[in-house]
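All of the numbers you see were taken from the coordinates with simple rules; none came from a lab. Every value quoted in this text rests on a predicted model; they were computed, and no experiment measured them. FYI the Cβ positions are ideal-geometry reconstructions off the backbone, even for glycines, and counts take in every protein chain you see.
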Amino acid sequence: MKAVVYEEYAKNDDFKSILQIQDLEEPKPKPTEVVFTVEAAALNYNDIWGMRGSPVPVPLPHISGSDAAGKVIAVGDQVSRIKVGDRIVSHTNMSCRVCSACTDGREYDCTNRTIWGFQTGPLWGAYAEVAHLPEVNVVKIPDTISYDDAAAASMTILTAWHMLVGRAKITPGQTVLIMGGGSGVGTFGIQIAKLYNCTVIATASPDKLDKCIRLGADYAVDHRQENWHKEVRSITKEIAKKTHTTPGIDLSFDHIGQTHWNKQLTLLKYGATLVSCGATTGYDAQTDLRHIFFKGTNILGSTQGTKAELEQGLYWMGRGKIKSAIDSVFSFENAADAHTKMLTGKGMFGKILLKPN
C-alpha cells in the first residue's frame with residue numbers, strides 16, 4: 001500500500017524535505033481491530049507539530065493523520081459491532097477505557113490517552129491507502145454523509161461539540177461568540193450554536209466573513225482589526241434592544257488564545273462562560289482577573305470528546321442540520337503543499353483533505 005512517511009523532523013517547516021511516498025505492507029487486524037481503506041483523510045495542526053518534533057517528539061518513522069474515513073475490509077475475530085463493508089470514520093482519542101476517568105465517561109481526561117496519527121506509531125496513522133484501528137475507535141457513518149465530509153468532521157466536530165454541548169452546556173437563546181469562525185473547528189462551532197437556536201457572532205479575517213454568514217452566523221467581525229471587540233460590543237447592544245436582555249456575550253468559543261484573550265473577557269456578561277480548546281496565537285495570555293472574579297466568569301478548558309459526542313454530531317450531519325466546510329483536496333503526492341497551506345492559513349476556510357489518488 002502507498003503511505004506518506006517521514007523518518008526525520010523538518011527543519012524550518014520544510015515539509016518537502018522529509019515527506020516521501022513509501023510502499024508498505026497492508027496491515028492485518030489484531031483481534032479487536034478493524035482494517036479499512038482510507039477514502040479521505042483530513043489535516044490537523046498536530047500533523048505539523050509531529051513533523052517539527054515539537055512540542056513532543058513522535059515515533060519515527062511516522063505516518064501522520066488522525067482523521068480518516070473509509071470502508072472496512074477486514075475485522076479481528078473479537079470484533080462484534082463492525083463488519084466488512086461498513087462505512088466508518090475514526091474517533092481519534094485512544095484512551096485506556098479502564099481508569100476512573102474513562103469509566104466515569106471522561107475518556108478525554110484519561111492520563112494514558114494518545115491521539116491516533118500524532119502520538120501513535122511507528123507507521124500508524126491516516127495518510128495511507130489502508131489503515132487499522134481498534135473497534136472502539138471507529139464510528140459508523142450515516143448513509144447520507146460522504147467520506148469527504150466525514151473525514152473533515154472527525155476531530156473538529158467532536159472538539160466543537162464537546163466544547164459547546166459537553167463543557168459549556170449551551171442553551172437556546174444565548175448570544176454566542178465563535179472566535180476563528182473560518183477554521184475547521186470554528187465552522188462547526190457556528191453550526192452547532194445555530195442548531196441550539198442561539199444568536200451567533202463569528203470572527204474571522206476579512207476574506208472569510210461572508211462565508212461565515214452563509215454558514216449560519218448572524219454577524220461576522222474582522223478580528224484582525226485592533227478594535228474588533230468594540231464592534232462585537234456594539235452588536236450585542238443591538239441584540240439586547242431587540243430581545244430586552246443585557247448586552248454582552250453569554251458564551252465565547254475560543255481557540256485563538258493569547259492575542260484576543262483579554263478582549264474576549266471584556267465582552268462577557270455576568271456569569272458568562274468562555275470555553276477554550278487551544279491557543280494558535282500563543283499560550284502566554286495576560287488576564288485581567290477583574291473580568292473573572294467580579295463578573296463570576298466561568299473559564300473552561302476542553303479537549304477532544306467522547307465517542308458518543310462524535311456520534312451525536314454525525315447524527316445531526318446525517319439529518320442535514322450540520323455540514324462540513326472543505327477548503328481543498330490534495331493527493332498524497334502533494335502532502336507537503338497541503339501542510340504548508342494549513343500552516344499559512346492564507347485564504348483557507350474549513351478543512352484540507354488528503355486522498356491516496
Enter the mean projected area of the convex hull around the alpha-carbon atoms of the range 127-233, in nm², rounded to one decimal. 8.7
With +1 assigned to the C-beta of every Lys and Arg and -1 to the C-beta of every Asp and Glu, and no other charges, what is the dipole magnitude of the range 169-301 about the Cα centre in debye, to the nearest 20? 360
Under 15 Å from residue 351, Cα to Cα: aspartates and glutamates that are on another chain or at least 8 residues apart: 47, 67, 148, 149, 327, 337
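Take 81, 113, 52 and order them by how many other Cβ atoms sit within 10 Å, fewest up front.
Working: 81 11, 113 20, 52 17.
Starting with the residue having the fewest Cβ neighbours, the order is 81, 52, 113.
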Name the residue farthest towards the positive end of the dipole of the range 13-157 from the options 19, 41, 125, assuming +1 on Cβ of Lys and Arg, -1 on Cβ of Asp and Glu, about the Cα centre. 125
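Relative contact order (percent) for the chain, with alpha-carbon contacts under 8 angstrom and 6 or more residues of separation?
Numbers: 850 pairs, mean separation 67.1, N = 357.
In percent, rounded to a whole number, it is 19.
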Can you sort 56, 329, 130 by how many other beta carbons sit within 10 Å, fewest first? 56, 329, 130
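To one decimal place, what Kirkwood hydrodynamic radius in Å is obtained for the range 1-127 from all pairs of distinct Cα atoms? List each step's numbers first, then the result.
Numbers: mean 1/r = 0.0639 Å⁻¹.
Evaluated on the range 1-127, it is 15.6 Å.
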Quick one: net charge around residue 227, please, counting Lys, Arg +1 and Asp, Glu -1 for every other residue with C-beta under 12 Å from its C-beta. +1
Give the span of the range 196-260's Cα atoms along each principal axis, as three whole-Å numbers ordered largest to smallest. 31, 25, 18
Spatially close lysines, pair count over the range 169-301: Cα under 22 Å, gap of eight or more or interchain: 25
Given 239, 227, 183, which one lies farthest toward the positive end of the charge dipole of the range 169-301, if we put +1 on the Cβ of every Lys and Arg and -1 on the Cβ of every Asp and Glu? 239
Using only the alpha-carbon atoms of the range 173-231, report the extent along each of the three principal axes, biggest first, to the nearest angstrom. 30, 22, 16
Rg(Cα) / (2.2 N^0.38 Å) computed for the chain, rounded to two decimals: 0.99
Sort 44-50, 12-18, 249-255, 282-288 for me by packing, meaning the mean count of neighbouring Cβ atoms within 10 Å per residue, highest on top. 249-255, 44-50, 12-18, 282-288
Mind checking which helices in the chain clear 30 Å along their axis (Cα) and have mean Kyte-Doolittle hydropathy of 1.6 or more, DSSP H runs only? none
Options 173, 256, 285, ranked by Cα towards positive dipole end of the range 169-301, top entry (Cβ charges): 173
What base-10 log of the normalised intensity I(q)/I(0) is obtained for the range 169-301 from the Debye formula, alpha carbons as equal point scatterers, at q = 0.15, 0.19, 0.22 Å⁻¹? -0.63, -1.07, -1.49
Hey, got the dipole for the chain? About the Cα centre, +1 on K and R Cβ, -1 on D and E Cβ, debye to the nearest 20? 1300
